[in-house]
């Protein structure tokens, strides 16, 4: 339980924790319940294992395949997500299913940029500062380039996190960044902890989307924001037909050529088609307790950014 909560919240959190503990064995007993893995029907337990194997297989080629499949447009989609978030210095971000670090690195760059602009404005509006005062300001910026901002990357797949850590080391990201193995359906964090929760191209792979949304709500602070970037339903009939042709005829072939893995990318295409359309997913987010829920279609609905607040 997060520090500073009043006893009534602590009691509620305790009851919820106890309730979750009681529910978990029941979920385990119901492991044989059927769900979908792409277009296949499998048990829930089997889906979790298969999804884990998919991302373990593709982790090393994940970024290259994203560029190849989307012609690099996924980078623009993620940039738009970050601008929509518009984090300020001091923001605590949880990025779920973000193993390779794309959202985390953008967050760090965005906050650094804001901090630099703030410093420049401060110095510009204080023309009578001494050289020492200016030097001290830049020294403080160098020591704490993110201020108190932090991003926690949480992913269930250890191989994806390994790739992310290697990228962070190569690109020089260390300040304000941490990596945690965790399940989106049962996050290893206290209640009311984060300012923003993001999940990009990950929620469709979760076995119980409703549980993942409930966990997102739980770990966000009151006033916190949920942001999800995910493939969605194309709203242009002609583009939809072309998109289907490209998805089923080209993407698995790219997967075989680039990553040596046809089946994993066949699943990824199928999982996109099984994901709820925009209005249905919006209703699921609202059912989890979020308010002011809306979405923004990008590239004619190939992807959408869903947003909601814990108020």
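Considering only residues in segment 66-87 that are outside any helix (DSSP H, G or I) and over 18 Å from the mean Cα position of the chain (by Cα), the one that is modelled with the lowest pLDDT turns out to be 71. Considering every residue within segment 98-118, establish whether at least one is assigned to a strand (DSSP E or B) and crowded, with 18+ Cβ neighbours inside 10 Å. Among the residues of segment 98-118, not one is assigned to a strand (DSSP E or B) and crowded, with 18+ Cβ neighbours inside 10 Å, which makes the answer no. Yes or no: segment 256-269 includes at least one residue that is at pLDDT 95 or above, outside any strand (DSSP E or B) and over 17 Å from residue 38 (Cβ atoms). Checking segment 256-269: not a single residue is at pLDDT 95 or above, outside any strand (DSSP E or B) and over 17 Å from residue 38 (Cβ atoms). Here residue 235 clears all of (1) without any contact (Cβ under 8 Å) to a residue 12 or more places away in the chain; (2) part of a loop (DSSP other than H, G, I, E, B) except the condition numbered (1). Residue-level check: of (1) outside any loop (DSSP other than H, G, I, E, B); (2) in contact with a strand residue (DSSP E or B) (Cβ under 9 Å, 6 or more places away or on another chain); (3) modelled with pLDDT of 95 or more, residue 204 misses just (3).
When you check residue 197 against the structure, is it crowded, with 17+ Cβ neighbours inside 10 Å and in contact with a helix residue (DSSP H, G or I) (Cβ under 6 Å, 6 or more places away or on another chain), yes or no? Taking the combined requirement at face value, the residue satisfies it.
The values are calculated or read from the model by the stated rules, or taken from the named source; none is laboratory data. These numbers were taken from a predicted model, which means no experiment stands behind them. Here the Cβ is made from the backbone with ideal geometry for all residues, glycine too, and neighbour counts use every protein chain on show.
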